[in-house]
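The values are calculated or read from the model by the stated rules, or taken from the named source; none is laboratory data. Quick caveat, the model's predicted, so the values are computed rather than measured. Cβ placement follows ideal geometry from the backbone for every residue including glycine, while neighbour counts extend to all protein chains displayed. SASA here: full protein model, heavy atoms, side chains in, ligands and nucleic acids out. Shrake-Rupley method; radii C 1.70, N 1.55, O 1.52, S 1.80 Å.
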Amino acid sequence: MLYKGKALRKTDDLISWLVEGAPPEHRNVEDITAKVMLINFAAIHTTSITTTNALFNLAARQEYIGPLRAEIEEVTRAYGWTKESMARLRKLDSFMKESSRLSGIVGLSMSRKANKDFTFSNGLTIPAGYTVAVASQGIHTDPEIYEDPHTFKGFRFCEGRDTGADSEEYDPLQQRMVSLDPTFLLFGHGRNACPGRFFAVNEVKALLAHIILNYDMKLPGDATEVPKGLWLGGSRLPDRSAEILFRKRKLG
Ligand code: HEM
(Lines give C-alpha, C1' and ligand atoms only; values in the text may rest on other atoms or scores of the structure.)
Protein backbone atom coordinates (compact mmCIF):
# COMPACT_ATOMS: atom_id res chain seq x y z
CA MET A 1 0.00 0.00 0.00
CA LEU A 2 1.22 3.53 -0.80
CA TYR A 3 0.82 6.60 1.43
CA LYS A 4 2.04 9.97 0.10
CA GLY A 5 4.06 8.05 -2.48
CA LYS A 6 5.84 5.88 0.12
CA ALA A 7 5.33 2.19 0.67
CA LEU A 8 3.69 1.50 4.05
CA ARG A 9 5.11 -1.27 6.20
CA LYS A 10 2.79 -4.01 7.36
CA THR A 11 2.82 -2.48 10.82
CA ASP A 12 3.33 1.21 11.36
CA ASP A 13 3.38 1.66 15.11
CA LEU A 14 5.64 2.58 18.00
CA ILE A 15 7.04 -0.91 18.50
CA SER A 16 8.06 -1.25 14.84
CA TRP A 17 9.65 2.23 14.89
CA LEU A 18 11.62 1.32 18.01
CA VAL A 19 12.75 -2.01 16.56
CA GLU A 20 13.81 -0.37 13.30
CA GLY A 21 15.58 2.53 15.02
CA ALA A 22 17.49 0.39 17.53
CA PRO A 23 21.15 -0.48 16.89
CA PRO A 24 21.62 -4.28 16.62
CA GLU A 25 22.94 -4.66 20.20
CA HIS A 26 19.73 -3.08 21.57
CA ARG A 27 17.32 -4.83 19.21
CA ASN A 28 16.07 -7.29 21.83
CA VAL A 29 12.84 -7.77 23.80
CA GLU A 30 14.23 -6.40 27.08
CA ASP A 31 15.58 -3.14 25.65
CA ILE A 32 12.56 -2.48 23.42
CA THR A 33 10.20 -3.18 26.37
CA ALA A 34 12.14 -0.74 28.55
CA LYS A 35 11.71 1.94 25.89
CA VAL A 36 7.96 1.29 25.58
CA MET A 37 7.64 1.54 29.38
CA LEU A 38 9.59 4.80 29.43
CA ILE A 39 7.31 6.30 26.78
CA ASN A 40 4.22 5.04 28.65
CA PHE A 41 5.61 6.79 31.72
CA ALA A 42 6.14 10.06 29.79
CA ALA A 43 2.70 9.85 28.19
CA ILE A 44 0.13 8.59 30.68
CA HIS A 45 0.44 10.39 34.03
CA THR A 46 1.14 13.74 32.32
CA THR A 47 -2.04 13.50 30.26
CA SER A 48 -4.24 12.31 33.12
CA ILE A 49 -2.89 15.01 35.49
CA THR A 50 -3.52 17.69 32.84
CA THR A 51 -7.11 16.46 32.44
CA THR A 52 -7.66 16.25 36.20
CA ASN A 53 -6.38 19.80 36.72
CA ALA A 54 -8.69 21.15 34.02
CA LEU A 55 -11.68 19.35 35.59
CA PHE A 56 -10.91 20.78 39.05
CA ASN A 57 -10.56 24.27 37.57
CA LEU A 58 -13.84 23.86 35.72
CA ALA A 59 -15.77 22.43 38.66
CA ALA A 60 -14.60 25.38 40.79
CA ARG A 61 -15.45 27.95 38.10
CA GLN A 62 -18.97 27.19 36.93
CA GLU A 63 -19.10 30.38 34.83
CA TYR A 64 -16.91 28.74 32.18
CA ILE A 65 -19.15 25.72 31.62
CA GLY A 66 -21.79 27.60 29.55
CA PRO A 67 -19.39 29.27 27.06
CA LEU A 68 -17.36 26.07 26.66
CA ARG A 69 -20.49 23.99 26.05
CA ALA A 70 -21.68 26.50 23.46
CA GLU A 71 -18.33 26.35 21.67
CA ILE A 72 -18.19 22.54 21.68
CA GLU A 73 -21.79 22.29 20.40
CA GLU A 74 -21.15 24.82 17.62
CA VAL A 75 -17.87 23.28 16.48
CA THR A 76 -18.96 19.63 16.60
CA ARG A 77 -22.24 20.49 14.82
CA ALA A 78 -20.24 22.02 11.97
CA TYR A 79 -17.17 19.75 11.87
CA GLY A 80 -18.17 16.57 13.73
CA TRP A 81 -15.89 14.82 16.22
CA THR A 82 -12.80 15.28 14.06
CA LYS A 83 -9.22 16.42 14.42
CA GLU A 84 -10.20 19.66 12.70
CA SER A 85 -12.82 20.27 15.38
CA MET A 86 -10.18 19.87 18.09
CA ALA A 87 -8.14 22.67 16.44
CA ARG A 88 -11.25 24.87 16.35
CA LEU A 89 -12.02 24.50 20.06
CA ARG A 90 -10.14 27.71 20.83
CA LYS A 91 -11.82 28.60 24.10
CA LEU A 92 -11.29 25.10 25.41
CA ASP A 93 -7.64 25.23 24.29
CA SER A 94 -7.17 28.52 26.17
CA PHE A 95 -8.89 27.14 29.27
CA MET A 96 -6.64 24.06 29.28
CA LYS A 97 -3.56 26.19 28.77
CA GLU A 98 -4.50 28.56 31.61
CA SER A 99 -5.20 25.58 33.85
CA SER A 100 -1.73 24.22 33.00
CA ARG A 101 -0.08 27.61 33.46
CA LEU A 102 -1.31 27.89 37.04
CA SER A 103 -1.64 24.29 38.13
CA GLY A 104 0.29 22.30 35.50
CA ILE A 105 2.54 19.41 36.30
CA VAL A 106 5.86 21.10 35.55
CA GLY A 107 7.39 23.39 38.17
CA LEU A 108 10.79 22.72 36.66
CA SER A 109 11.22 22.14 32.98
CA MET A 110 13.93 21.44 30.40
CA SER A 111 16.34 19.50 32.59
CA ARG A 112 19.66 19.31 30.74
CA LYS A 113 22.93 17.68 31.80
CA ALA A 114 26.19 19.21 30.56
CA ASN A 115 28.35 16.45 29.04
CA LYS A 116 31.25 18.89 28.81
CA ASP A 117 31.87 22.36 30.24
CA PHE A 118 29.52 24.78 28.53
CA THR A 119 30.01 28.56 28.60
CA PHE A 120 27.15 30.91 27.70
CA SER A 121 27.78 34.19 25.83
CA ASN A 122 27.57 36.07 29.17
CA GLY A 123 30.48 34.05 30.58
CA LEU A 124 28.42 31.77 32.85
CA THR A 125 29.82 28.23 32.75
CA ILE A 126 27.92 25.01 33.47
CA PRO A 127 30.62 22.51 34.46
CA ALA A 128 30.54 19.02 32.92
CA GLY A 129 28.32 16.64 34.88
CA TYR A 130 25.98 19.33 36.24
CA THR A 131 22.26 19.30 35.52
CA VAL A 132 20.34 22.55 35.06
CA ALA A 133 16.63 23.19 34.61
CA VAL A 134 14.34 26.14 33.95
CA ALA A 135 12.04 27.35 36.75
CA SER A 136 8.86 27.20 34.68
CA GLN A 137 6.61 27.87 37.68
CA GLY A 138 8.35 31.26 38.14
CA ILE A 139 8.03 32.05 34.43
CA HIS A 140 4.34 31.06 34.39
CA THR A 141 3.61 33.53 37.18
CA ASP A 142 5.96 36.36 36.13
CA PRO A 143 4.01 39.68 36.10
CA GLU A 144 6.25 40.96 33.31
CA ILE A 145 4.95 38.17 31.09
CA TYR A 146 1.42 37.56 32.34
CA GLU A 147 -0.86 40.37 33.41
CA ASP A 148 -2.36 39.69 36.81
CA PRO A 149 -0.45 36.39 36.85
CA HIS A 150 -2.05 34.73 39.88
CA THR A 151 -5.59 35.24 38.61
CA PHE A 152 -7.17 32.40 36.65
CA LYS A 153 -8.44 33.82 33.36
CA GLY A 154 -9.69 30.87 31.38
CA PHE A 155 -9.91 32.76 28.09
CA ARG A 156 -6.65 34.70 28.54
CA PHE A 157 -5.09 33.10 25.47
CA CYS A 158 -7.97 33.80 23.08
CA GLU A 159 -9.01 37.23 24.33
CA GLY A 160 -9.66 39.69 21.51
CA ARG A 161 -9.58 36.94 18.88
CA ASP A 162 -12.43 35.71 16.76
CA THR A 163 -13.11 32.30 18.27
CA GLY A 164 -16.11 31.44 16.05
CA ALA A 165 -16.17 27.87 14.71
CA ASP A 166 -15.57 29.01 11.13
CA SER A 167 -13.07 31.75 11.89
CA GLU A 168 -9.99 31.64 9.70
CA GLU A 169 -8.65 34.94 11.09
CA TYR A 170 -7.31 33.27 14.17
CA ASP A 171 -3.70 32.28 13.74
CA PRO A 172 -3.82 28.69 14.89
CA LEU A 173 -0.11 28.54 15.50
CA GLN A 174 0.01 31.41 17.94
CA GLN A 175 -0.84 31.05 21.57
CA ARG A 176 -2.16 27.53 21.19
CA MET A 177 -1.45 25.10 23.98
CA VAL A 178 0.88 23.06 21.75
CA SER A 179 2.90 26.11 20.62
CA LEU A 180 6.46 26.11 21.89
CA ASP A 181 7.18 29.38 23.59
CA PRO A 182 9.74 30.30 26.27
CA THR A 183 6.89 31.86 28.27
CA PHE A 184 4.89 28.60 28.43
CA LEU A 185 6.96 25.56 29.33
CA LEU A 186 4.47 22.78 30.02
CA PHE A 187 6.03 20.81 27.15
CA GLY A 188 9.59 22.08 27.56
CA HIS A 189 11.35 23.88 24.77
CA GLY A 190 13.96 23.42 22.04
CA ARG A 191 15.12 20.24 20.35
CA ASN A 192 13.92 17.91 23.10
CA ALA A 193 10.51 19.51 23.64
CA CYS A 194 7.72 16.99 24.11
CA PRO A 195 7.00 15.23 20.80
CA GLY A 196 3.73 13.83 22.22
CA ARG A 197 2.14 17.23 22.81
CA PHE A 198 -0.07 17.28 19.69
CA PHE A 199 -1.51 13.89 20.54
CA ALA A 200 -1.82 14.79 24.25
CA VAL A 201 -3.64 18.08 23.70
CA ASN A 202 -6.13 16.49 21.28
CA GLU A 203 -6.69 13.62 23.70
CA VAL A 204 -7.34 15.94 26.68
CA LYS A 205 -9.57 18.16 24.53
CA ALA A 206 -11.67 15.22 23.31
CA LEU A 207 -12.06 13.91 26.88
CA LEU A 208 -13.03 17.31 28.29
CA ALA A 209 -15.37 18.12 25.38
CA HIS A 210 -17.23 14.84 25.93
CA ILE A 211 -17.47 15.37 29.70
CA ILE A 212 -18.54 19.03 29.39
CA LEU A 213 -21.29 18.16 26.90
CA ASN A 214 -22.66 15.21 28.82
CA TYR A 215 -22.20 16.02 32.50
CA ASP A 216 -22.76 18.79 35.02
CA MET A 217 -19.99 18.99 37.57
CA LYS A 218 -19.18 20.83 40.77
CA LEU A 219 -17.02 20.63 43.87
CA PRO A 220 -18.58 19.33 47.11
CA GLY A 221 -20.34 22.15 48.99
CA ASP A 222 -20.25 24.28 45.81
CA ALA A 223 -16.67 25.23 46.69
CA THR A 224 -15.02 27.75 44.37
CA GLU A 225 -11.41 27.06 45.37
CA VAL A 226 -9.51 24.27 43.64
CA PRO A 227 -8.28 21.79 46.28
CA LYS A 228 -4.59 22.34 46.95
CA GLY A 229 -2.30 19.87 45.25
CA LEU A 230 1.14 18.75 46.34
CA TRP A 231 4.70 19.06 45.07
CA LEU A 232 6.78 16.01 44.34
CA GLY A 233 10.23 17.36 43.55
CA GLY A 234 9.76 19.67 40.59
CA SER A 235 6.36 18.20 39.70
CA ARG A 236 3.00 19.42 40.92
CA LEU A 237 0.18 16.95 41.39
CA PRO A 238 -3.52 17.53 42.04
CA ASP A 239 -4.99 16.63 45.45
CA ARG A 240 -5.40 12.85 45.19
CA SER A 241 -8.21 12.59 47.72
CA ALA A 242 -10.34 15.54 46.57
CA GLU A 243 -13.63 14.80 44.83
CA ILE A 244 -15.69 16.24 41.98
CA LEU A 245 -19.42 15.57 41.79
CA PHE A 246 -20.69 14.62 38.33
CA ARG A 247 -24.31 14.33 37.18
CA LYS A 248 -25.50 13.19 33.76
CA ARG A 249 -26.98 16.22 32.01
CA LYS A 250 -30.70 16.23 31.39
CA LEU A 251 -31.04 17.32 27.78
CA GLY A 252 -34.19 18.74 26.22
C1 HEM B 1 -0.14 16.74 28.76
C2 HEM B 1 0.69 15.73 28.55
C3 HEM B 1 2.19 15.85 28.48
C4 HEM B 1 3.02 16.72 29.11
C5 HEM B 1 2.65 17.85 30.08
C6 HEM B 1 4.38 16.39 28.71
C7 HEM B 1 5.50 17.07 29.12
C8 HEM B 1 6.79 16.80 28.67
C9 HEM B 1 7.97 17.56 29.04
C10 HEM B 1 8.01 18.75 29.99
C11 HEM B 1 9.02 16.99 28.40
C12 HEM B 1 10.50 17.45 28.49
C13 HEM B 1 10.75 18.51 27.40
C14 HEM B 1 12.09 19.22 27.51
O15 HEM B 1 12.94 18.78 28.28
O16 HEM B 1 12.30 20.25 26.80
C17 HEM B 1 8.52 15.87 27.63
C18 HEM B 1 9.29 15.04 26.86
C19 HEM B 1 8.84 13.92 26.22
N20 HEM B 1 7.51 13.53 26.10
FE21 HEM B 1 5.92 14.47 26.87
N22 HEM B 1 4.33 15.32 27.85
C23 HEM B 1 3.01 14.95 27.68
C24 HEM B 1 2.51 13.93 26.89
C25 HEM B 1 3.30 13.04 26.17
C26 HEM B 1 2.78 11.97 25.35
C27 HEM B 1 1.30 11.64 25.15
C28 HEM B 1 3.87 11.32 24.83
C29 HEM B 1 3.94 10.11 23.89
C30 HEM B 1 2.91 9.59 23.27
C31 HEM B 1 5.06 11.99 25.31
C32 HEM B 1 6.35 11.65 25.00
C33 HEM B 1 7.47 12.35 25.37
C34 HEM B 1 8.83 11.97 24.99
C35 HEM B 1 9.24 10.73 24.19
C36 HEM B 1 9.68 12.95 25.53
C37 HEM B 1 11.21 13.01 25.42
C38 HEM B 1 11.62 13.90 24.25
C39 HEM B 1 13.14 14.04 24.10
O40 HEM B 1 13.87 13.87 25.07
O41 HEM B 1 13.59 14.36 22.98
N42 HEM B 1 4.68 13.05 26.12
N43 HEM B 1 7.16 15.77 27.81
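Using a probe of 1.4 angstrom and keeping all protein chains present, the accessible surface of the chain works out to 61 square angstrom per residue.
Computed from the C-beta positions of Arg69 and Lys248 and an R0 of 22 Å, the FRET efficiency is 0.95 to the nearest 0.05.
Where only DSSP H runs of four or more residues are counted, the chain gives -12500 deg cm²/dmol as its mean residue ellipticity at 222 nm, each run worth -39500 (n - 2.57). Our compactness index for segment 12-248, the C-alpha radius of gyration over the empirical 2.2 N^0.38 Å, is 1.13. Phi-derived couplings, Karplus 6.51 cos²θ - 1.76 cosθ + 1.60 at θ = phi - 60°, listed residue by residue for segment 38-51: 5, 5, 4, 5, 5, 8, 8, 5, 4, 5, 6, 5, 4, 5 Hz, with x used for Gly and Pro. Taken along its principal axes, the alpha carbon cloud of segment 106-161 reaches lengths of 46, 23, 20 Å, longest axis first. Among the protein heavy atoms, those of Glu20 account for about 100 Å² of accessible surface (1.4 Å probe, every chain in place). Neighbours of Arg77 by Cβ distance under 14 Å: Lys/Arg scored +1, Asp/Glu scored -1, total -3. Only protein atoms count toward the accessible area here, which uses a 1.4 Å probe; on the chain, the carbon and sulfur part of that area reaches 58 percent. The value obtained for segment 198-252, namely the Cα convex hull volume divided by the number of residues, is 113 Å³ per residue.
Taking label positions 7 Å along the Cα-Cβ direction at both Arg191 and Val19, the computed distance is 2.9 nm, reported to one decimal. Using a probe of 1.4 Å, the accessible surface attributed to Trp17 totals some 130 Å² when neighbouring protein chains are kept in position. Partner lysines whose Cα lies under 28 Å from the Cα of Lys228, excluding those fewer than 8 positions away in the same chain, are identified as Lys91, Lys97, Lys153, Lys205, Lys218, Lys248. The Cα atoms of segment 159-240 define a convex hull whose projected area, averaged across directions, is 8.4 nm². For Lys10, a cut-off of 24 angstrom between C-alpha atoms picks up these lysines, skipping any fewer than 8 places away in its own chain: Lys35.
Measuring with a 1.4 angstrom probe and ignoring ligands and nucleic acids, Tyr130 comes out at about 140 Å² accessible. Proximity of backbone amide H atoms, modeled 1.01 Å from N, is registered between Tyr215 and Arg249 at under 5 Å, excluding neighbours fewer than 5 places apart on the same chain. With r as the distance between the Cβ atoms of Glu147 and Leu124 and R0 = 45 Å, compute the FRET efficiency 1/(1 + (r/R0)^6) and round to 0.05. My answer for the efficiency is 0.90.
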